[in-house]
1. Among the listed residues 158, 153, which satisfies the condition of being buried (at least 19 other Cβ atoms within 10 Å of the Cβ), touching a Ser or Thr at 6+ places or on another chain (Cβ under 9 Å) and at pLDDT 85 or above?
2. When the residues of segment 99-136 are narrowed to those that are aliphatic (A, V, I, L, M) and modelled with pLDDT of 70 or more, which ends up surrounded by the most Cβ atoms within 10 Å (Cβ to Cβ)?
3. Note down all Cβ pairs under 8 Å where the first residue falls in segment 145-167 and is aromatic (Phe, Trp, Tyr), the second is open to solvent by less than 70 Å² (accessible area, probe 1.4 Å) and not in a helix (DSSP H, G or I), and they're at least six residues apart or on different chains.
4. From the set of residues in segment 50-98 that are β-branched (Val, Ile, Thr) and farther than 24 Å from residue 167 by Cα, which is least open to solvent (accessible area, probe 1.4 Å)?
5. Could you check how many residues of segment 142-180 are out of contact with any helix residue (DSSP H, G or I) (no Cβ under 9 Å at 6 or more places or on another chain), of a type in the set (A, V, I, L, M, F, W, C) and closer than 15 Å to residue 36 by Cβ?
6. Residue check: is residue 142 of a type in the set (Gly, Ala, Ser), at pLDDT 75 or above, open to solvent by less than 40 Å² (accessible area, probe 1.4 Å) and more than 15 Å from the chain's Cα centre (by Cα)?
Amino acid sequence: MLFFLALKVFMLLTSFYALLGFQHFLCYICKEYVEDLAKIPKSFLEEASVTLIVIGQSSYHHIEPFCKLTGYAHEIYVDPEREIYKRLGMKRGEDIVSSGQSPHVKSNLLSGSIQSMWRAVTGPLFDFQGDPAQQGGALILGPGNNIHFIHRDRNRLDHKPINSVLQLVGVQHVNFTNRPSVIHV
């Protein structure tokens with residue numbers, strides 16, 4: 001409940017937009033999505049008066065290792081009881097629908113699953129860091145107490161492309177590939 005109060009006070013006192021991403025820290029797809037969120041320059045967010053927040057469903061003990069693993073340096077919180085997930089109607093379980101190829105997923109199912117299991121058994125606290133069946137999503141809040149956009153993932157591959165969400169709040173396009181940009185003249 002303290003989390004909701006802090007978020008509400010933050011939103012009411014600022015004229016900022018907040019982009020909230022709901023992620024599972026152990027899921028390889030979520031990890032790769034957050035690795036791309038980490039690539040968003042703070043200056044891009046500041047220019048558009050946007051705060052980027054990731055909310056995980058594990059214990060706070062997993063925040064520091066997850067940030068080191070992904071390079072994520074923006075705001076991050078946890079909701080181990082998944083209260084905000086429930087209030088926002090985030091799905092538990094997966095719909096078997098084609099979500100298309102996400103530009104943020106780099107691993108295939110086999111290698112990604114093995115990486116996730118390895119992190120679970122070799123991590124400082126052996127656990128699954130939340131409910132593996134809990135789906136996340138993306139949300140744009142503010143200014144004030146207004147919800148401007150919500151995307152609820154239907155399955156683990158259904159993450160909203162980051163640039164499409166950034167575009168909604170006026171943040172510059174980010175190149176998430178490791179390839180250099182080609183400038184046409």
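The values are calculated or read from the model by the stated rules, or taken from the named source; none is laboratory data. All of these numbers come straight from a predicted model, not from anything done at the bench. All Cβ positions, glycine included, derive from the backbone under ideal geometry; neighbour counts span all protein chains shown. Note: areas computed on protein heavy atoms with side chains; ligands, DNA, RNA excluded. Shrake-Rupley method; radii C 1.70, N 1.55, O 1.52, S 1.80 Å.
1. Values: 158 fails: at pLDDT 85 or above.
Just one listed residue meets the conditions, 153.
2. As a first pass, look at segment 99-136 and keep what is aliphatic (A, V, I, L, M): 105, 109-110, 114, 117, 120-121, 125, 133.
Imposing the further condition that a residue be modelled with pLDDT of 70 or more reduces the set to 105, 133.
Working: 105: 18, 133: 11.
Looking at the filtered set, the residue picked out is 105.
3. 149/138; 149/139; 149/140
4. At the first step, the residues of segment 50-98 found to be β-branched (Val, Ile, Thr) are 50-51, 53-55, 63, 70, 76, 78, 84, 96-97.
With the extra rule that they be farther than 24 Å from residue 167 by Cα, the set shrinks to 63, 78, 84, 96-97.
Working: 63: 37, 78: 29, 84: 11, 96: 172, 97: 63 Å².
Across segment 50-98, the extreme among qualifying residues is 84.
5. Here the count works out to 1.
6. Details: of a type in the set (Gly, Ala, Ser): yes; at pLDDT 75 or above: yes; open to solvent by less than 40 Å² (accessible area, probe 1.4 Å): yes; more than 15 Å from the chain's Cα centre (by Cα): yes.
When the stated conditions are applied, residue 142 passes them.
Conditions (1) part of a helix (DSSP H, G or I); (2) free of Cβ contacts under 8 Å to residues at least 24 places away in the same chain, marked per residue:
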site	(1), (2)
40	no, no
54	no, no
61	yes, no
69	yes, no
86	yes, yes
